[in-house]
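Heads up, the thing below is written out as structure tokens.
The values are calculated or read from the model by the stated rules, or taken from the named source; none is laboratory data. If you're wondering where the values come from, they're calculated on a predicted model, not measured in any experiment. Cβ: placed from backbone, ideal geometry, glycine included. Neighbour counts: every protein chain shown. To get the accessible areas, we keep the full protein, side chains included, count just its heavy atoms, and leave off ligands, DNA and RNA. Shrake-Rupley method; radii C 1.70, N 1.55, O 1.52, S 1.80 Å.
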Amino acid sequence: MAIVAAALADDGEGAVALLDPLERRDVCRVAVRLAAMAADALLAVAEEGGGGKAEALAHWQACIIAHESRRDE
């Protein structure tokens, strides 16, 4: 949860510091679990809104592009 909180606060360095003591395999497991949780949340939101997987993926891509454009500023 602390890794997610750091990431949401746009504190990449803080998230890295939390992951740093872990072995590579454990870091990979954390990344996969977080990706699965994000995918589940996106699909749930899309289904609640009457959409499906394609809509969720389009929304996800738009969010990533918006997030990256803010980082470039």
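Structure notes:
- Filtered by the rule that a residue be open to solvent by 100 Å² or more (accessible area, probe 1.4 Å), more than 16 Å from MET1 (Cβ to Cβ) and either of a type in the set (Lys, Arg) or at pLDDT below 85 (or both), the stretch 16-39 gives ARG24, ARG25.
- Residue count for the stretch 44-63, restricted to those that are part of a helix (DSSP H, G or I) and either open to solvent by 60 Å² or more (accessible area, probe 1.4 Å) or on the phi > 0 side of the Ramachandran plot (or both): 11
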